[in-house]
Amino acid sequence: ALLFITVYTADGFLNYVEDHCVFNSTKLDDIEYIRSYYYNKLEYTRFSSSVGKYVGYTEYGVRNAEAWNKDTGNLAAMRAAKETYCLNNVGNDHEAAL
């Protein structure tokens with residue numbers, strides 16, 4: 001699985017975003033793109049290409065998910081990330097694993 005993490009810290013609190021691709025083969029149908037938002041190791045919002053929208057796991061995350069799901073441009077970009085972000089890189093990891 002591909003994994004990229006972006007970290008932001010201020011005053012000892014940790015906020016970060018994690019993008020990763022889960023795959024069993026190099027076929028687009030077998031790939032799932034996930035973007036997770038964390039605050040102090042607690043995931044509060046996630047986008048999954050399998051679901052096709054943001055899902056909140058905390059009160060703050062639910063509010064974020066509701067707002068972000070209304071932004072059709074952002075949702076279209078996140079849905080396209082499966083092909084643009086994962087598909088181009090999964091082939092490299094799949095070959096290396098074999």
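How many of the residues in segment 27-74 are farther than 22 Å from Asn15 by Cβ and either touching a His at 6+ places or on another chain (Cβ under 7 Å) or in a helix (DSSP H, G or I) (or both)? Let's see the steps before the verdict.
Filtering segment 27-74 down to residues farther than 22 Å from Asn15 by Cβ leaves 27-32, 49-52, 70, 72-73.
Still in the running and either touching a His at 6+ places or on another chain (Cβ under 7 Å) or in a helix (DSSP H, G or I) (or both): 28-30, 72-73.
Residues in segment 27-74 being farther than 22 Å from Asn15 by Cβ and either touching a His at 6+ places or on another chain (Cβ under 7 Å) or in a helix (DSSP H, G or I) (or both): 5 in total.
How many of the residues making up segment 30-81 are touching a residue at least 40 places away in the same chain (Cβ under 8 Å) and either open to solvent by 90 Å² or more (accessible area, probe 1.4 Å) or among the aromatic types (Phe, Trp, Tyr) (or both)? Show your work before the answer.
The initial filter retains those residues of segment 30-81 that are touching a residue at least 40 places away in the same chain (Cβ under 8 Å), namely 31-33, 35, 78, 81.
Filter again for either open to solvent by 90 Å² or more (accessible area, probe 1.4 Å) or among the aromatic types (Phe, Trp, Tyr) (or both), leaving 33.
Going through segment 30-81 one residue at a time, the tally reaches 1.
When segment 17-26 is examined, which residues are found to be touching an Asp or Glu at 6+ places or on another chain (Cβ under 8 Å) and outside any strand (DSSP E or B)?
In the first step, residues of segment 17-26 are kept if they are touching an Asp or Glu at 6+ places or on another chain (Cβ under 8 Å); the result is 21-24.
Passing the criteria: only Asn24.
The values are calculated or read from the model by the stated rules, or taken from the named source; none is laboratory data. For clarity, every value in this text was computed on a predicted model and none was experimentally measured. Because the Cβ atoms are built from the backbone with ideal geometry, glycine has one as well, and the counts that use them run over all protein chains shown. These accessible areas exclude ligands, DNA and RNA; they are computed on the full protein's heavy atoms, side chains included. Shrake-Rupley method; radii C 1.70, N 1.55, O 1.52, S 1.80 Å.
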